[in-house]
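S.K.: Let me begin by handing over the structure; questions about it come next.
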Amino acid sequence: VHFPIALLTLYVLLELLSLSKRIKGYSLDVTKAILVITGTLGAIVSRMTGESVDHAIRNQSIDKTGLLSPELWRPVLSLHEGASLWATVFFVIIAIGYILYFFETSAKIKNTAMYVNLKKTMHSQIKKFIWMFTRPYMRVVLAILGLIFITLTGAFGGILVHGCQSDILTQVLCN
């Protein structure tokens with residue numbers, strides 16, 4: 001669960017750093033792409049394992065921590081699931097953007113049958129998406145939104161596991 005968070009947080013920091021005038025001459029695109037794609041894949045796997053834990057709790061095959069009252073457990077779990085879904089959605093969009101961007105700019109990929117078929121069927125939509133994606137501020141906005149939802153996911157997860165007093169953010173969210 002925590003490794004994708006580290007990868008995606010590092011991605012956001014590099015995305016913000018790439019806006020700096022001092023870094024303008026250096027391309028961090030490959031590094032950022034690797035971080036966001038692997039982090040997003042890890043987030044998807046984390047969501048899947050979280051779903052299985054949720055089903056086990058609903059079926060009462062595992063016990064809850066007992067730190068939250070039963071009437072608070074379900075709403076906090078729903079907020080945790082919702083925040084993780086939105087974080088994953090934002091990073092999936094970014095990861096797809098990097099994949100399409102590299103497809104569009106790679107000469108080796110452009111000659112493959114898959115690329116030719118994809119280009120025939122969705123060329124104008126892909127071009128629009130890539131144009132939007134190549135705007136640095138668009139990636140930054142999506143990345144910051146993703147990081148906000150990662151933070152909320154972690155806070156709600158912290159409440160579920162450690163209760164409302166685990167840190168300042170969880171105390172604020174509980175009140």
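Okay, residues lined up against (1) under 12 Å from Phe91 (Cα atoms); (2) in a helix (DSSP H, G or I); (3) not polar (S, T, N, Q):
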position: Val141; (1), (2), (3): yes, yes, yes
position: Gly146; (1), (2), (3): yes, yes, yes
position: Thr151; (1), (2), (3): no, yes, no
position: Ser166; (1), (2), (3): no, no, no
position: Thr170; (1), (2), (3): no, yes, no
position: Leu173; (1), (2), (3): no, yes, yes
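S.K.: Find all pairs meeting these conditions: Cβ atoms under 6 angstrom apart; at least six residues apart or on different chains; first residue within the range 119-133 and open to solvent by 80 Å² or more (accessible area, probe 1.4 Å); second residue modelled with pLDDT of 75 or more.
M.R.: Between residues of the range 119-133 that are open to solvent by 80 Å² or more (accessible area, probe 1.4 Å) and residues that are modelled with pLDDT of 75 or more, the close pairs are Met132/Met138.
S.K.: Can you pull out every residue in the range 70-90 that is within 22 Å of the chain's Cα centre (by Cα) and touching a residue at least 40 places away in the same chain (Cβ under 8 Å)?
M.R.: Within the range 70-90, Val76, Leu77, Leu79, His80, Ala83, Ser84, Trp86, Ala87, Thr88, Phe90 qualify.
S.K.: Another question, if that's okay. Taking the condition buried (at least 17 other Cβ atoms within 10 Å of the Cβ), modelled with pLDDT under 80 and in a helix (DSSP H, G or I), does Glu71 pass?
M.R.: In short, no.
S.K.: Conditions: (1) of a type outside the set (Lys, Arg); (2) open to solvent by 80 Å² or more (accessible area, probe 1.4 Å); (3) at pLDDT 85 or above. Ser27 meets all but one. Number of the miss?
M.R.: Here Ser27 clears every test but (3).
The values are calculated or read from the model by the stated rules, or taken from the named source; none is laboratory data. Just so we're clear, the structure is a prediction, and the values are computed from it rather than from any experiment. Counting neighbours? That spans all protein chains shown, and the Cβs are built from the backbone with ideal geometry, glycine included. Note: areas computed on protein heavy atoms with side chains; ligands, DNA, RNA excluded. Shrake-Rupley method; radii C 1.70, N 1.55, O 1.52, S 1.80 Å.
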